[in-house]
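Structure record follows, encoded as C-alpha cells.
Each value in this text was obtained by applying a stated rule to the coordinates, not by laboratory testing. From a predicted model like this one, the values you see are computed outputs, not experimental measurements. Cβ placement follows ideal geometry from the backbone for every residue including glycine, while neighbour counts extend to all protein chains displayed.
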Amino acid sequence: MATEPIEWISTPEACARLGVTLRTLYRFIDEGQLPAYKMGRVIRLQAHELEAFIERARIVPGTLEHLYPDPRGTPAEPDR
C-alpha cells in the first residue's frame, strides 16, 4: 500500500498563493480556519489543505446583498 508524498507549502508560499500578509495567514491558522504544522522552528502547510481552505472561502452568488445598499433607498415612513 503506497501513500503519496505530502506536498508541503512554506508560509511565504501560502501567503503568495492566498494574496495575504503573513500576519493574516497566522490569524487563519490560530483561529483554526487553516491547518498548519510546526516542524522545529518552521511552520508548514499541506498543499491539499490550502486548496480546501480556498474552496471553503468561495462566495456563493447572491449572498453579499447585505454589503451594498439598495440603490432605490429605504422607503420613508409615512408622516403621522
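In this label model, GLU31 and THR11 are separated by 1.7 nm, measuring between points 7 Å along each Cα→Cβ vector. Of (i) 14.3; (ii) 12.1; (iii) 15.9, which is the value of Kirkwood radius over Cα pairs in Å derived from the coordinates here? Here Kirkwood radius over Cα pairs in Å agrees with entry (iii).
Full extension of the chain between TYR68 and VAL20 gives 14.9 nm of extra length, using 0.36 nm per residue less the Cα-Cα distance.
Rounded to the nearest 20, the Cβ-based charge dipole of the chain about its Cα centre (Lys and Arg +1, Asp and Glu -1) stands at 340 debye. With a cut-off of 11 Å between beta carbons, the residues surrounding GLU7 carry a summed charge of -3, where Lys and Arg count +1 and Asp and Glu -1. Residue by residue, the range 4-12 carries 3J(HN,Hα) couplings of 6, x, 6, 8, 8, 10, 6, 5, x Hz when phi is fed to the Karplus relation 6.51 cos²θ - 1.76 cosθ + 1.60 (θ = phi - 60°); x denotes Gly or Pro. Divide by every residue of the chain the summed helix terms, -39500 (n - 2.57) for each DSSP H run of at least 4, and state the resulting mean residue ellipticity at 222 nm, rounded to the nearest 500 deg cm²/dmol. When only DSSP H runs of four or more count, the value is -9500 deg cm²/dmol.
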